[in-house]
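What follows is one structure encoded as structure tokens, with my remarks underneath.
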Amino acid sequence: MKKRLFGVLAFVLLAGSVLAGCGGNNNGNGNGNGASATEGSATAGVQSAAPDSGDAGELKPVELTWYYPLSQLQADQAKVQEEVNKIVKEKINATVKLMPVAIGDYVQKMNTVLAAGEKFDILWTGYMLKPEELVRKGAIQPMDALLDEYAPELKADVPQVMWDGLSVDGEIYGIPNQQINGSRYGFIIQKRFADKYNLDTASIKKIADIEPFLAQIKQNEPDIIPFGVFGTSFINPQSHDDKYWVVPGLDDHFYIKTDDPTYTLYRYPEEELDNFRLASKWYKEGYIYKDAATEKMNDYLAKGQIAVDFNVTLKPGVEAEVKAKNGGNEVITVPLSDWFSNGYSATTNQSISRTAPNPERAMMLLNLVNTDKELYNLLCNGIAGVHYEKTTGDYIKALPDSRYLPNMDWVFGSVFNSYLKEGQPENVWEETKKINSDSEVNPVGAFKFNSEPVNTEIANLNAVWGEYKRGLVTGTLDFEETWPVLYGKLKEAGEEKYVAEVTKQFEQFLKDKGLKK
């Protein structure tokens, strides 16, 4: 496999909207004010104790509200929340109301919450709900002063590149949930099928090479879905001759070529459109589920009914992590790229709402979640002896029929505090940190787009894509028939004005960074 990243044609259609990355429905302005929503007496009380002192005696009791996504809501959520609050009450004299939302509904739910001006404290932000967009909307508040005063331990633990990635106009708006910060795309395949059909993984160099295996599954396994794509994401490297970086912070349809000193922007290059063509082909062959455009993937994944899945982060220990999500079936991975990184793409973070009644205490909670291993693992794994058992060292094993098994450690905080799951190597976190430091970095990874000048156009483009995205990514809609109609509607919706604004800001970014004269 070649050292550099070849043919990265990222086509990530996110749950909220295809164009969520360029502003979506998130418009408006942040005023840049520091946190000031807490009553004076509460603020004074919070300031009287150090955030990591463990002395909550002088702090006024408050209740915090925290929204975050989960792939599946958990039956023992209330029981875990009760245990969480025993720790939080003792440490910072607060209780927290955990508000998990089904991941497929998260963007819509949070847009509703934010539009209503609901008072709450913390929200998960990331690849579905991007911090920079929420800043422009005025939905979240800057954290610099809060971090310095109430979370110095957390601030010191996070690499500066991550703070840079979560800064807008020079101010920090999110706390990164530290995890793998690189990408390596490829396949996750159920081992039982790979063994049964003698799959030669060494022969799979590009995505199309998996087709003969999908055909075998289709022919011989009537109850199994050969390829698991359900309208959320599909990345197709397609060619090893063309080399691209996706330009981050936009709608994932802008690219530059690697080794191009001019940093020319490419919009919908032909290689990317081949993503849709391949999806059309595979749908017609029956490799993609017939109702994939309307069904939820997790409903089939949890039953072990998906033979091959495509993944953009084949990180160390991923096999153990996804085993439970595959109905307990063992899996193997087949990487199709080397490690690469957009710097810090702000894919999973926590932000503090502009309407937060208690921003200071919210920051203290986030500091606690990221520095208190017991609290973090309680959120991730539930209660020892009830939902999991300790085995050896830092390893744990979920108990049979556990009623709390989110399998989404990256949603809550730094995974470097996670207990190890069966199958994960002992040095998984050391290896992860090495990948973070060694991955090839996108030269324009720091670009951030200000969507305000084209908010209307973006909203219109979102509406158009909303009609087509699931159908195209699953192949349910024939690409050759659909694309001319879709592109015509995009032009009517303001595609050209949007592209012109992106180009203008990108050219200015290149000059400001000294990448172009």
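The values are calculated or read from the model by the stated rules, or taken from the named source; none is laboratory data. Please read all numbers here as calculations on a predicted model, not as lab measurements. Using ideal geometry, Cβ is built from the backbone for each residue, glycine included, and neighbour counts are taken over all protein chains shown.
Couple of notes before you dig in:
- Any hit, segment 119-127, residues being modelled with pLDDT under 90, surrounded by fewer than 20 Cβ atoms within 10 Å (Cβ to Cβ) and not in a helix (DSSP H, G or I): yes
- Residue that is among the acidic types (D, E) and touching a residue at least 12 places away in the same chain (Cβ under 8 Å), where the choices are D195, D200, D148, D144: D144
- Taking the criterion of being farther than 22 Å from L420 by Cα, of a type outside the set (V, I, T) and buried (at least 19 other Cβ atoms within 10 Å of the Cβ), the residues of segment 321-337 that qualify are L336, S337.
- Residue match in segment 165-180 (condition: at pLDDT below 95 and assigned to a helix (DSSP H, G or I)): yes
- Among the residues of this structure, K421 does not count as one that is without any contact (Cβ under 8 Å) to a residue 40 or more places away in the chain and either surrounded by fewer than 20 Cβ atoms within 10 Å (Cβ to Cβ) or in contact with an Asp or Glu (Cβ under 7 Å, 6 or more places away or on another chain) (or both).
- Single residue of segment 170-211 satisfying the filter (among the polar types (S, T, N, Q) and more than 26 Å from the chain's Cα centre (by Cα)) that is farthest from F340 (Cα to Cα): N198
- The numbered conditions (1) farther than 28 Å from W124 by Cβ; (2) without any contact (Cβ under 8 Å) to a residue 24 or more places away in the chain; (3) touching a Phe, Trp or Tyr at 6+ places or on another chain (Cβ under 6 Å) are all true for W429 except (1).
- Criterion: of a type in the set (F, W, Y), within 20 Å of the chain's Cα centre (by Cα) and surrounded by fewer than 19 Cβ atoms within 10 Å (Cβ to Cβ) - qualifying residue of F416, F447, F412: F416
- Listed conditions (1) touching a Gly at 6+ places or on another chain (Cβ under 7 Å); (2) at pLDDT 85 or above; (3) within 20 Å of R184 (Cβ to Cβ) are all met by F310, apart from (1).
- Residue among T432, T476 that alone is under 30 Å from L98 (Cα atoms) and among the polar types (S, T, N, Q): T432
- Residue within segment 294-302 that is over 30 Å from V135 (Cβ atoms), more than 22 Å from the chain's Cα centre (by Cα), touching a residue at least 24 places away in the same chain (Cβ under 8 Å) and surrounded by fewer than 21 Cβ atoms within 10 Å (Cβ to Cβ) present: no
- Enumeration of residues in segment 143-167 that are farther than 18 Å from Q179 by Cβ and surrounded by 24 or more Cβ atoms within 10 Å (Cβ to Cβ): M143, L146, Y150, A151
- Helices (runs of 4 or more DSSP H) contained in segment 1-115 and holding at least 1 residues modelled with pLDDT of 50 or more, within 25 Å of D372 (Cβ to Cβ) and of a type in the set (S, T, N, Q): 77-92
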